[in-house]
Amino acid sequence: MNISRIGTPLRACLIGLVAIIGAGTVSAVTPATKVEFEGFAHSCGCGPIDIKVTPGGQTIHVRDGFCLGQWVTGNALIDGYETVTSHGEVTPKGLILHLFRTLEPDAYPGSSWEIVQTEHIKPDGSTSSHAVGHATGALKGMTIKFTELGRVLVPNPCPDLNSGLMNGVILAPANNN
């Protein structure tokens, strides 16, 4: 390997510059804020859905589901009304739903959470449901992650409909100014 006298100082200078920039970047970064929440997503009504059955009847496709809802968590970053569109399949393995939620917090007009959720209801009645969403407007840069823990009977501002118990976290980026 041929190391010239000019190359060595330049290489040392570049290594030093990288070390300074790297150290400065690491010391300036602060961790993101985590805000945990728990509350309810109340169903307030759903419209008609498109149902198709595959030949042989092994799979039922549910398309174009549309529902309205209200979130009540005690957290101003979340509480508000939502619209939900969905599609899913019912098979011998259970029901798998894909939900697309737009949640508009009352305290932040013009902002919304755009959420994608997958819910699996197994034939034995057990469920798993996970969601992630990103904020717009004044909340832009924040991320919401939650699980739906199941349907519960609680006072619902929309009479005679069900409510889902939600548990999750909001991640807000650190202010690195």
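Tabulated data
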{"item": "Search result, residues across region 95-117 that are surrounded by 16 or more Cβ atoms within 10 Å (Cβ to Cβ), more than 12 Å from the chain's Cα centre (by Cα) and modelled with pLDDT under 95", "result": "LEU95, ILE96, LEU97"}
{"item": "Count of region 102-128 residues which are within 18 Å of VAL72 (Cβ to Cβ) and either of a type in the set (Asp, Glu) or not in a loop (DSSP other than H, G, I, E, B) (or both)", "result": "8"}
{"item": "Number of positions in region 39-74 that are touching a residue at least 40 places away in the same chain (Cβ under 8 Å) and either farther than 26 Å from LYS145 by Cβ or out of contact with any strand residue (DSSP E or B) (no Cβ under 6 Å at 6 or more places or on another chain) (or both)", "result": "1"}
{"item": "Region 133-143: number of residues that are surrounded by 15 or more Cβ atoms within 10 Å (Cβ to Cβ) and free of Cβ contacts under 8 Å to residues at least 60 places away in the same chain", "result": "5"}
{"item": "Residue that is in the same structural domain as ALA41 (by TED's automatic domain parsing) and over 24 Å from GLY47 (Cβ atoms), where the choices are HIS61, HIS98, HIS134", "result": "HIS134"}
{"item": "Single residue of region 59-101 satisfying the filter (polar (S, T, N, Q) and assigned to a strand (DSSP E or B)) that is nearest to HIS120 (Cα to Cα)", "result": "THR91"}
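Yes/no per residue for (1) surrounded by fewer than 16 Cβ atoms within 10 Å (Cβ to Cβ); (2) closer than 17 Å to GLU114 by Cα; (3) acidic (Asp, Glu); (4) touching an Asp or Glu at 6+ places or on another chain (Cβ under 6 Å):
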| position | (1), (2), (3), (4) |
| --- | --- |
| PHE40 | no, no, no, no |
| SER43 | no, no, no, no |
| ILE51 | yes, no, no, no |
| GLY56 | yes, no, no, no |
| GLY74 | yes, no, no, no |
| ILE78 | no, yes, no, no |
| THR83 | yes, yes, no, no |
| LYS93 | yes, no, no, no |
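The values are calculated or read from the model by the stated rules, or taken from the named source; none is laboratory data. Bear in mind that the values here come from a model prediction, so they are computed numbers and not experimental data. Backbone-built Cβ (ideal geometry, glycine too); neighbour counts: all protein chains shown.
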